[in-house]
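The values are calculated or read from the model by the stated rules, or taken from the named source; none is laboratory data. Given the structure is predicted, the values throughout are model-derived calculations rather than measurements. Using ideal geometry, Cβ is built from the backbone for each residue, glycine included, and neighbour counts are taken over all protein chains shown.
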Amino acid sequence: MAPRKEITRKALRIWFAKKYGMVPRVPRAMAAETYGKWEDEYRQDNRAELERAAREHQVAAKKHRY
């Protein structure tokens, strides 16, 4: 399986705002922990979408191999 693609903090903030209707301020000291929790929740919510994207990427990679 391919390594997990990093999800940007900006993308996580946009997703969080859509889901909860607001984005709390994240102090720098807690940023890594907070964004880590958000990323885990994002991956659970979007598992099917992320798996589909990974499959499409695999198929595209095979097509361009030769």
Has the range 37-49 got at least one residue that is modelled with pLDDT of 85 or more, part of a helix (DSSP H, G or I) and of a type in the set (Gly, Ala, Ser)? no
When every residue in the range 33-58 that is surrounded by 10 or more Cβ atoms within 10 Å (Cβ to Cβ) and aliphatic (A, V, I, L, M) is compared, the one nearest to the chain's Cα centre (by Cα) is Leu50
Those residues of the range 33-66 which are under 30 Å from Tyr20 (Cα atoms) and among the hydroxyl-bearing types (Ser, Thr, Tyr) amount to Thr34, Tyr35, Tyr42
Counting only residues in the range 4-15 that are under 12 Å from Asp40 (Cα atoms) and surrounded by 14 or more Cβ atoms within 10 Å (Cβ to Cβ), the one modelled with the highest pLDDT is identified as Leu12
Over the range 16-29, the set of residues loosely packed, with under 10 Cβ neighbours inside 10 Å and in a helix (DSSP H, G or I) is Lys18, Tyr20, Arg28, Ala29
So, first residue over 22 Å from Lys5 (Cα atoms) in the range 18-47, second residue of a type outside the set (Phe, Trp, Tyr) and modelled with pLDDT of 85 or more, Cβ within less than 8 Å, six or more apart or across chains; the pairs are Val23/Arg13; Val23/Ala17; Val26/Thr34
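Please tell me if Arg65 is more than 13 Å from the chain's Cα centre (by Cα), at pLDDT 85 or above and surrounded by fewer than 10 Cβ atoms within 10 Å (Cβ to Cβ). Quick ask: steps written out before the conclusion?
Working: more than 13 Å from the chain's Cα centre (by Cα): yes; at pLDDT 85 or above: no; surrounded by fewer than 10 Cβ atoms within 10 Å (Cβ to Cβ): yes.
Judged against the criteria, Arg65 is not a match.
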